């Protein structure tokens, strides 16, 4: 009999185990057992009260899952801090301590438990944690910036048993310093210029002349693609290729080329398959900021190069900008230059809260005061105007959109070869109901930077409101594929869900709603509103009413009239499947 398909989901996995259990039981077996059980009871209670679920116990260990990685880390810190306080007056050889490992990943859900590499890595991280401390993966650490006060030390990549590639690990112990810096690392000297990056020639791991050709082609195309991203400077091919086939020290290369980041990697071939690896290194600390591996069939070499370049460049941009935002957040406000003000503004902007957006706008204006020709600051100030309207924060949406359009045009005047001003203009034109102009602006943005995932998302949204639903689904999916760790990922996934509702695919829409709910950056009323519409359309009214209640809690004045005004469609009743579901769930007309 054929088994049903297994259920997979994204989850934050916490694994905890008692440190030195065998040693402790050797001294006092019964006393140790009672202490360990009391400790596990406390940890279980803390996990449950935070919304987590303990899935199983294994002697002196427990496995738990959370829907939010932020909550998982906060809960772990609470547990370890409390246990450290209890142990403060106890002799070291009598202390009962636990180690905690946390990972986030795609897991298999079966019979009330979870399985897979995501769980295995959490267990490996637990074993690598200090007694009384926490060890997390880089995937977890990426989600923490600005959302938690504890500082995790960046301890570099480590290889774990049965895990195919090295994992960048971060550790915390009670007593670690607190502050806005979640990343740790050395203090940074002031640098008022945009960050610069050198792309080194991919190393040929097969000593094959044909592979040399492929590696050089990918490297050259990467330099060209990254040059289209105006948020950082890229060193020319002539300079970086001078290091080809030589043993290098990353910090020395960075010093010689005067760059902050180095992108290095390799290419190798096995039969008909090719593997490309890439690593982004922060040259000042020597730490790996990002690393990835790509395996493909060697069919059409030029198609392969194009695909590799687009994927790597699209993945690299949000990673690099995330590090830059963390740098800016760590600096004292009085020491910020135009670039750092801009990066700090982005840090607030991507949080999407009302107060956060207002703070971002203030910082963008200060950045512009510091450098009146800073096109990116104008562009994202315009995008903030869009955020205030689409999220329902603006008291006078039309005036705010007109303000945004003026600012976006100032950005375009200063740099008409950058994708982001066109992105900002396209978003504002969509909300003004100028769908054809919006689509044209966003297509221009993609032409200028084919790796900019957010423009694909924006274009898909504009196409949806213009009634081009099948095209819109494909376009938003492209954004998700290009940038699976984008700060806007929650918006990518919930707009995909909305498009499915508009297309009458409510069951599929709910799958995307669930994906959105698991993302730690998800914010606002959007997710619950789409869930309410989809479940109502499926006659699951209890779920629909519960979801609508959550949406109204986020936005008490949510109404059918607001949504019609906030998302104008090119054709009459273009939002009707969405609005009909919300009406059925109980949303008022005004």
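The values are calculated or read from the model by the stated rules, or taken from the named source; none is laboratory data. Just so we're clear, the structure is a prediction, and the values are computed from it rather than from any experiment. We place every Cβ from the backbone using ideal geometry, glycine too, and count neighbours over all the protein chains shown.
Show me the strands (runs of 3 or more DSSP E) entirely contained within the stretch 127-215 in which 2 or more residues are closer than 21 Å to residue 12 by Cα, modelled with pLDDT of 75 or more and under 24 Å from the mean Cα position of the chain (by Cα).
On the way: elements: 134-137, 153-158, 167-172, 196-199.
Answer list for the stretch 127-215: 134-137, 153-158, 167-172.
Look through 523, 569 and report the one residue that is modelled with pLDDT under 95 and either crowded, with 23+ Cβ neighbours inside 10 Å or not assigned by TED's automatic domain parsing to the domain that holds residue 139 (or both). Give the steps one after another, and end with the answer.
Details: 569 fails: modelled with pLDDT under 95.
Just one listed residue meets the conditions, 523.
Report whether or not residue 110 is in contact (Cβ under 8 Å) with a residue 24 or more places away in the chain and out of contact with any helix residue (DSSP H, G or I) (no Cβ under 9 Å at 6 or more places or on another chain). So that I can check it myself, show each step before the final result.
Working: in contact (Cβ under 8 Å) with a residue 24 or more places away in the chain: yes; out of contact with any helix residue (DSSP H, G or I) (no Cβ under 9 Å at 6 or more places or on another chain): yes.
So residue 110 fits the description; yes.
Listed residues 479, 549; which is crowded, with 24+ Cβ neighbours inside 10 Å and over 22 Å from residue 70 (Cβ atoms)? It would help to see each step written out before you state the result.
Working: 549 fails: crowded, with 24+ Cβ neighbours inside 10 Å.
The match here is 479.
Between 324, 292, 340, which is surrounded by 19 or more Cβ atoms within 10 Å (Cβ to Cβ), in contact with a helix residue (DSSP H, G or I) (Cβ under 7 Å, 6 or more places away or on another chain) and modelled with pLDDT of 75 or more? Even if it seems obvious, please write down each step before you answer.
Working: 324 fails: modelled with pLDDT of 75 or more; 292 fails: surrounded by 19 or more Cβ atoms within 10 Å (Cβ to Cβ).
Going through 324, 292, 340 in turn, just one is surrounded by 19 or more Cβ atoms within 10 Å (Cβ to Cβ), in contact with a helix residue (DSSP H, G or I) (Cβ under 7 Å, 6 or more places away or on another chain) and modelled with pLDDT of 75 or more: 340.
How many residues are crowded, with 23+ Cβ neighbours inside 10 Å and more than 22 Å from residue 195 (Cβ to Cβ) if we restrict to the stretch 362-383?
Total meeting the criteria: 1.
Across the stretch 552-566, what is the total count of residues that are surrounded by 15 or more Cβ atoms within 10 Å (Cβ to Cβ), over 20 Å from residue 461 (Cα atoms), without any contact (Cβ under 8 Å) to a residue 60 or more places away in the chain and under 29 Å from the mean Cα position of the chain (by Cα)?
Residues flagged as surrounded by 15 or more Cβ atoms within 10 Å (Cβ to Cβ), over 20 Å from residue 461 (Cα atoms), without any contact (Cβ under 8 Å) to a residue 60 or more places away in the chain and under 29 Å from the mean Cα position of the chain (by Cα) within the stretch 552-566 amount to 2.
Would you mind stating whether residue 268 is without any contact (Cβ under 8 Å) to a residue 24 or more places away in the chain and closer than 14 Å to residue 308 by Cα? Steps first, answer last, please.
Numbers: without any contact (Cβ under 8 Å) to a residue 24 or more places away in the chain: no; closer than 14 Å to residue 308 by Cα: yes.
Taking the combined requirement at face value, the residue does not satisfy it.
Between 408, 419, 424, which is assigned by TED's automatic domain parsing to the domain that holds residue 371 and more than 24 Å from the chain's Cα centre (by Cα)?
On the way: 419 fails: more than 24 Å from the chain's Cα centre (by Cα); 424 fails: more than 24 Å from the chain's Cα centre (by Cα).
Exactly one of 408, 419, 424 is assigned by TED's automatic domain parsing to the domain that holds residue 371 and more than 24 Å from the chain's Cα centre (by Cα), namely 408.
Quick one: count up the residues across the stretch 504-525 that are in contact (Cβ under 8 Å) with a residue 40 or more places away in the chain, touching a helix residue (DSSP H, G or I) at 6+ places or on another chain (Cβ under 7 Å) and outside any loop (DSSP other than H, G, I, E, B).
Selection size over the stretch 504-525: 3.
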